[in-house]
């Protein structure tokens with residue numbers, strides 16, 4: 001499970017709503033210490049400064065927000081070492097209020113091709129005034145730093161001949177694993193996140209080659225998660241556990257309610273969707289008393305549709321795909337939704353919706369290999385086929 005080599009809108013297993021158990025590789029990497037590193041200091045409380053300064057920002061190897069003075073703080077967090085012996089550094093900001101209160105984390109860069117989350121968090125952080133805040137907001141901008149540098153979804157790990165590692169299959173990580181990305185996940189999780197947060201929001205987008213509506217992946221059976229997720233004026237909420245080793249699940253496992261907003265297309269700043277997620281995030285901060293003010297628009301205003309299952313359309317051939325439906329469009333089971341042609345323009349396949357639902361994701365690349373998801377439909381599995389889908 002911690003090696004996901006599928007391209008496209010990379011939530012394939014839970015789109016089909018058929019989740020497997022954690023694979024043996026993931027279990028191995030998240031097990032107790034597998035390699036010894038006596039030089040790695042242990043996180044025992046207190047912010048640890050390495051003594052280094054990069055571009056005027058102090059470098060830390062452990063964060064303890066309680067030790068910081070009220071105000072704005074900018075750091076580079078020292079992540080795992082590169083093959084050259086230098087470190088990957090994660091950009092971190094903390095805004096700490098004058099009064100005690102809840103601690104909220106805003107996280108981006110788990111996948112390196114997702115730009116709108118970074119812009120969303122930058123916008124929220126710029127709007128906060130520590131003199132008027134209670135509690136704190138921790139921003140992590142580029143958690144998977146090498147992936148962000150390359151604007152690729154996955155971490156290019158040289159440990160086994162340049163593996164492509166999806167960081168969002170590795171949490172909570174293991175600081176002593178024989179694998180750099182897993183160690184990095186453990187460092188970030190243990191020394192930056194888990195001891196500094198009461199709530200967390202892990203922002204993402206669709207993967208390269210795909211587009212999606214404004215939606216959340218959220219475990220709606222958890223009351224505190226549901227309360228936060230419904231504060232966003234978005235299109236859809238996918239109520240699903242997803243992979244066990246994604247960051248929100250790892251945070252939930254240690255008592256930190258968390259969920260995943262998905263902000264449209266990858267590799268760009270989606271200026272139509274970003275304001276929706278900024279407004280929703282400000283609503284969350286107001287809800288938790290971090291900032292004052294009236295709650296803005298929420299899911300009730302946008303008519304958010306909540307579904308607990310995905311029905312994908314998967315290609316049976318390679319070729320050029322013409323999609324016949326748009327994002328948010330309602331479809332009926334059996335409706336023709338895509339045509340595929342070969343290089344001569346001959347039709348090699350026609351695709352229909354496997355069941356009724358709303359279009360949540362669609363492929364943007366015209367070419368497609370066989371076995372790839374080109375469309376995904378959100379639906380409520382508790383509603384019989386032909387019944388009205390739940391709108392909340």
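Residue by residue through region 124-142, note down the ones that are touching a strand residue (DSSP E or B) at 6+ places or on another chain (Cβ under 6 Å) and outside any strand (DSSP E or B).
Here is the first cut: in region 124-142, the residues touching a strand residue (DSSP E or B) at 6+ places or on another chain (Cβ under 6 Å) are 125, 128, 130, 134-142.
Across region 124-142, the qualifying residues are 125, 128, 130, 141, 142.
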| message | On the basis of being assigned to a helix (DSSP H, G or I), assigned by TED's automatic domain parsing to the domain that holds residue 287 and out of contact with any helix residue (DSSP H, G or I) (no Cβ under 6 Å at 6 or more places or on another chain), does residue 251 make the cut? | response | yes
| said: For region 148-173, which positions are crowded, with 18+ Cβ neighbours inside 10 Å and either closer than 18 Å to residue 84 by Cβ or outside the structural domain of residue 197 (by TED's automatic domain parsing) (or both)? | reply: 155, 157
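When you scan region 286-375 for strands (runs of 3 or more DSSP E) that lie fully inside it, which ones turn up with 2 or more residues that are farther than 28 Å from residue 267 by Cα and outside the structural domain of residue 219 (by TED's automatic domain parsing)? It would help to see each step written out before you state the result.
Details: elements: 305-307, 309-314, 319-323, 336-341, 347-352, 357-363.
In region 286-375, 347-352 are the strands (runs of 3 or more DSSP E) which contain 2 or more residues that are farther than 28 Å from residue 267 by Cα and outside the structural domain of residue 219 (by TED's automatic domain parsing).
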| note | Going through (1) over 20 Å from residue 112 (Cα atoms); (2) surrounded by fewer than 23 Cβ atoms within 10 Å (Cβ to Cβ) one by one, residue 281 fails only at (2)
| task | Output yes when any residue across region 72-90 is within 20 Å of the chain's Cα centre (by Cα) and surrounded by fewer than 21 Cβ atoms within 10 Å (Cβ to Cβ), and no when none is. | result | yes
| request: Take the residues in region 97-123 that are buried (at least 21 other Cβ atoms within 10 Å of the Cβ) and part of a strand (DSSP E or B), then tell me which one is farthest from the chain's Cα centre (by Cα). | output: 103
| remark: In region 169-205, anything at pLDDT below 95, touching a strand residue (DSSP E or B) at 6+ places or on another chain (Cβ under 8 Å) and not in a helix (DSSP H, G or I) is listed as 179
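The values are calculated or read from the model by the stated rules, or taken from the named source; none is laboratory data. No experiment lies behind these values; they were computed from the predicted model shown. Cβ sites come from the backbone with ideal geometry, for glycine too, and all protein chains shown count toward neighbours.
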